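Data first, discussion second: the structure below is written as structure tokens.
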Amino acid sequence: MSTNQTPKRHMGLKASARISNTIIYILLIFISIIWLAPFICIVLQSFRVESTWQVGYVIPQQWGLDNYVRLFHSDFTKWYLNTFIIAVAVAVIQTIIVLCMSYTLSRFRFKMRKALMQFMLILGMFPGMLTMIILYRVLKDLGMTQANAVPGLILVYVASSGMGYYVSKGFFDTIPKSLDEAARVDGATRAQVLTKIILPLAKPIVIYTILTAFMAPWGDFVFARYISFGTSAGMNVAVGMYNWLNKDMITSWYTTFCAGGVVVALPVTILFMCLQRYYVEGVTGGAVKG
Amino acid sequence: MKKYSDLEYLRLSKGQKFTYGLASFFASIPVFFKNLFLGIGRFFKNLFVGIGKEFADLGSTFAKGDWKTKISYVIMGFGNMARGQWLRGLLFLAFEAVFIMYMVVAGGYWLSMLPSLGKVGPGEVYNEVLDTYVYQYNDNSFKILLYGVLTIFFIIAFIYTWRMNVKQNKIAEEILATGKPLKSGKDDLKSLVDDQFHKTLLALPLTGILIFTVLPIVFMILVAFTNYDGTHDGYYSNLFTWVGLQNFNTLLNWSSGNNVYAATFGEILTWTLIWAFFATFTNYFLGMFVAMMINKKGIKLKKVWRTILVMTIAIPQFISLLYVSKMFSKNGIVNGLFLSLGWIKEAIPFWDSPTLARIMVIVINIWIGIPYLMLIVTGILMNIPADLYESSRIDGANAWQQFTKITLPYMLFITGPYLLTQFTGNMNNFNVIYLLTGGAPTNAAASSAAGTAGYTDLLITWLFKITTGAEAQYYLASVVGIMVFVVVAVISLIVYNVLPSIKNEEDFQ
């Protein structure tokens with residue numbers, strides 16, 4: 001940083017840099033502790049066996065796996081399976097839909113394109129929750145609520161996913177159009193351009209879309225609660241575990257909630273960390289291109 | 001207001017520049033609304049002119065067309081079939097047949113019931129065979145409204161298809177007049193993976209959006225003009241019916257003295273805007289700060305710091321938020337820790353005092369939001385040309401000046417649209433509020449009928465509470481939803497028009 005300075009200034013800069021770096025290290029360590037503390041606490045508390053309610057200390061007095069044993073003898077296994085099925089189905093279908101939408105809007109120039117994009121922008125300004133009231137009654141008539149909430153939820157998540165095309169459209173916009181044109185000159189149809197040329201190049205955004213689509217159902221609360229409507233067999237983990245923390249249940253289920261949190265977070269976190277690179281690419285690209 | 005030229009502007013002092021900027025901003029607001037209304041006027045003018053042209057074209061096509069074209073006005077697809085385009089013709093004909101059948105069998109009934117939303121409610125009817133009164137369900141307001149809207153959609157689709165059918169005849173005649181052959185069914189199918197590939201790709205996503213977003217939104221907007229709620233569910237309890245603007249009056253009329261709904265709405269709207277402002281900008285600046293610390297030259301273990309923050313994104317929000325909310329409860333870990341350290345004598349009621357609870361949700365939202373901002377800012381910081389910093393350093397700028405003169409303007413320019421979506425996203429940030437506080441502490445002044453609003457409730461969580469509350473006032477929820485839309489739309493419109501650059505999307509390609 002300071003190669004072309006006079007020696008005296010050089011020393012001063014170096015010393016001040018050392019001080020500022022030390023301050024930054026202290027701040028970063030502090031930040032890391034704050035960000036990790038809840039997760040360390042939740043892991044530690046999941047191994048606490050002396051009591052099942054909230055306590056004012058972190059490190060358990062007696063360690064054991066009781067909470068995990070109890071967890072797998074509760075409805076949790078059912079909720080976990082529900083959420084997993086939903087997440088896989090949504091990841092597959094939503095990715096296809098989002099890619100169709102974003103690729104088309106990025107590459108084709110058809111008559112209603114601008115109007116369509118503006119229309120979807122306006123549509124997105126309505127709170128999505130408003131649609132739940134009607135969707136619940138319609139799905140109920142179709143027999144896809146309560147105990148059979150899983151197909152209903154998949155349908156609800158997937159159906160409107162075309163509106164979330166922004167990030168991947170931004171990615172497709174960066175692939176040079178000359179590639180398409182060259183292939184078209186060589187006699188490829190539009191469909192062949194997509195499958196043979198664009199898709200192999202779009203691997204990062206495909207993985208990003210799959211990853212975000214897979215992760216969303218694990219945290220969804222509103223729609224899942226609406227559609228399962230109090231029936232345990234149709235709940236996902238978020239709705240089911242939320243009930244463990246209400247006033248009546250928290251004293252006997254708090255530590256089980258912690259254990260459940262660990263079981264839910266672990267696979268998702270590992271998957272996320274493995275594919276982190278693609279996520280970062282998607283998020284930064286999406287924000288810059290708006 | 002006096003307008004300065006660039007040269008005159010540069011001569012102004014700092015204070016004058018600021019007042020000038022402020023004045024021109026406020027002066028631009030009326031201009032903006034003028035342009036908005038002019039734009040709306042132009043839209044309707046174009047619409048009516050367009051419709052007029054369509055009718056003129058329909059007439060001239062009929063007058064000039066041959067007998068095949070003329071029959072197509074009544075029997076859709078006849079012209080196509082007569083000219084050998086069997087596939088298109090059969091599709092048109094099938095659509096017409098389905099439409100007519102639907103209208104006769106069901107559509108007519110739904111349309112005729114739409115103005116009243118049902119005439120006979122459920123009630124007891126004398127049954128002669130059983131010699132007793134039986135409870136019987138009759139009209140279904142919910143279905144009438146839903147299928148009524150669907151039928152209108154269907155009619156619009158039919159008119160559009162019919163118009164397309166006429167246009168095709170005209171085009172076919174023109175092509176035949178030049179002596180070229182028409183496209184065969186095989187060509188049509190082939191074009192679906194080639195020239196018309198976008199139609200194939202968009203078919204599925206747009207159908208989903210139409211059925212699961214557009215239709216429900218139209219339905220819910222209409223519900224705002226009815227009295228649909230838990231006791232008027234339209235089938236099992238009572239029918240519901242149109243009530244005009246009454247619900248808007250309930251929610252928005254402050255003048256009628258102690259209107260508890262209007263007061264609650266005003267309070268929640270104010271808090272929603274305050275929350276969105278702080279949630280957006282605290283995250284933005286602190287996130288930028290953290291990113292700059294990690295990216296500073298000479299800081300080691302960059303990957304470790306980044307990974308620690310990114311990991312918190314991976315963990316589903318309902319776990320982290322619910323857990324953090326319990327950490328700060330009266331008998332939670334934080335109070336326990338502070339008590340055992342002797343810092344406090346009594347547990348701090350983090351979630352019981354309105355002000356403290358509001359501060360807490362903003363602070364915890366920082367904890368949630370910084371990792372995302374850190375990622376985004378890191379990406380942008382790497383794109384700022386390094387020689388800008390280099391030359392400013394030679395000119396003697398210190399780190400603070402570099403930040404305010406280079407980094408911040410660059411960031412604001414690039415992330416302007418992102419900040420807007422963050423702001424509107426935070427207005428509708430259901431998860432953070434609902435999972436942390438559930439809207440608590442309860443606002444005693446608010447109506448207990450409308451889902452017991454609390455001090456940290458946003459409009460969106462209030463909406464949820466209304467629909468799941470004891471009285472389930474769906475009509476009130478949909479008015480609140482429409483208001484959310486209006487607020488978001490107005491803010492977006494103004495910001496987009498004030499932002500320095502509306503980026504041209506073609507620039508990226």
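Each value in this text was obtained by applying a stated rule to the coordinates, not by laboratory testing. As the structure is a prediction and not an experimental result, all values here were calculated from the model. Here Cβ is always computed from backbone atoms with ideal geometry, including for glycine, and neighbour counts include all displayed protein chains.
With Cα atoms defining each centre, segment B:326-364 and segment A:215-239 are spaced 29 Å apart in the structure. Distance from the alpha carbon centroid of segment B:380-398 to that of segment B:176-208 works out to 54 angstrom.
In this label model, A:Asp75 and B:Ala23 are separated by 6.7 nm, measuring between points 7 Å along each Cα→Cβ vector. Residues B:Phe48, B:Phe248, ranked from the fewest to the most other C-beta atoms within 10 Å, line up as B:Phe48, B:Phe248.
Neighbour counts of C-beta atoms inside 10 Å place A:Tyr208, B:Tyr20 in the sequence B:Tyr20, A:Tyr208, starting with the fewest.
Within the shell of other residues whose beta carbon sits under 12 angstrom from the beta carbon of A:Gly152, the net charge comes to +1, with Lys and Arg scored +1 and Asp and Glu -1.
Cβ-to-Cβ counts within 10 Å put A:Ser20, A:Ser228, B:Ser325 in ascending order as A:Ser20, B:Ser325, A:Ser228, the fewest first.
The mean number of partner chain beta-carbon atoms within 10 angstrom of a residue's beta-carbon across peptide A:253-260 is 1. Within the protein assembly as shown, the proportion of Cα pairs with more than 52 Å between them is 23 percent. Are there any helices in chain A, counted as whole DSSP H runs, that stretch 30 Å or more along their axis by Cα and score at least 1.6 on average by Kyte-Doolittle, and if so which? Going by DSSP H runs, the hits are A:250-274.
Do you know the relative contact order of chain B, to the nearest whole percent, from alpha carbon pairs under 8 angstrom that are 6+ apart? In percent, rounded to a whole number, it is 14.
Take every pair of alpha-carbon atoms less than 8 Å apart whose residues are at least six positions apart; their mean separation over the length of segment B:263-408 yields a relative contact order of 33 percent. Among A:Met117, A:Met235, A:Met215, the largest mean-square fluctuation in a Gaussian network model of chain A (Cα springs under 10 Å) belongs to A:Met117.
With respect to chain B, whose longest principal axis is taken over its alpha-carbon atoms, helix B:408-427 is tilted by about 60°.
Using only alpha carbon pairs under 8 Å that are at least six residues apart, calculate the relative contact order of chain A and give it in whole percent. RCO, chain A: 31 percent.
Counting only Cβ charges, +1 for Lys and Arg and -1 for Asp and Glu, the dipole size of chain A around its Cα centre is about 1160 debye. Taking label points 7 Å from Cα along the Cα-to-Cβ direction, B:Ile348 and A:Ile26 give a separation of 2.1 nm. The GluC sites (Glu not before Pro) of segment B:105-199 that DSSP puts in a loop, and whose beta carbon has at most 12 other beta carbons within 10 Å, are B:Glu128. Can you tell which of B:Thr272, B:Leu309, B:Gln196 lies farthest toward the positive end of the dipole of chain B, using +1 and -1 charges on the Cβ of basic and acidic side chains (Lys, Arg; Asp, Glu)? Sorting the options by dipole projection puts first B:Leu309. In this structure, B:Leu286 and B:Gln16 have a Cβ-Cβ separation that, at R0 = 45 Å, corresponds to a calculated FRET efficiency of about 0.85. Within 10 Å of each candidate Cβ there may be at most 11 other Cβ atoms; applying that plus a DSSP loop requirement, which trypsin sites (Lys or Arg not before Pro) in segment A:62-142 survive? Answer by residue number: A:Arg109, A:Lys111. With the simple spin-label model, which puts each label point 7 Å out from Cα in the Cβ direction, the B:Ala63 to B:Asp395 separation comes to 7.0 nm. Here is the list for segment A:180-258: trypsin sites (Lys or Arg not before Pro) lying in DSSP coil, each with at most 14 other C-beta atoms within 10 angstrom of its C-beta, are A:Lys247.
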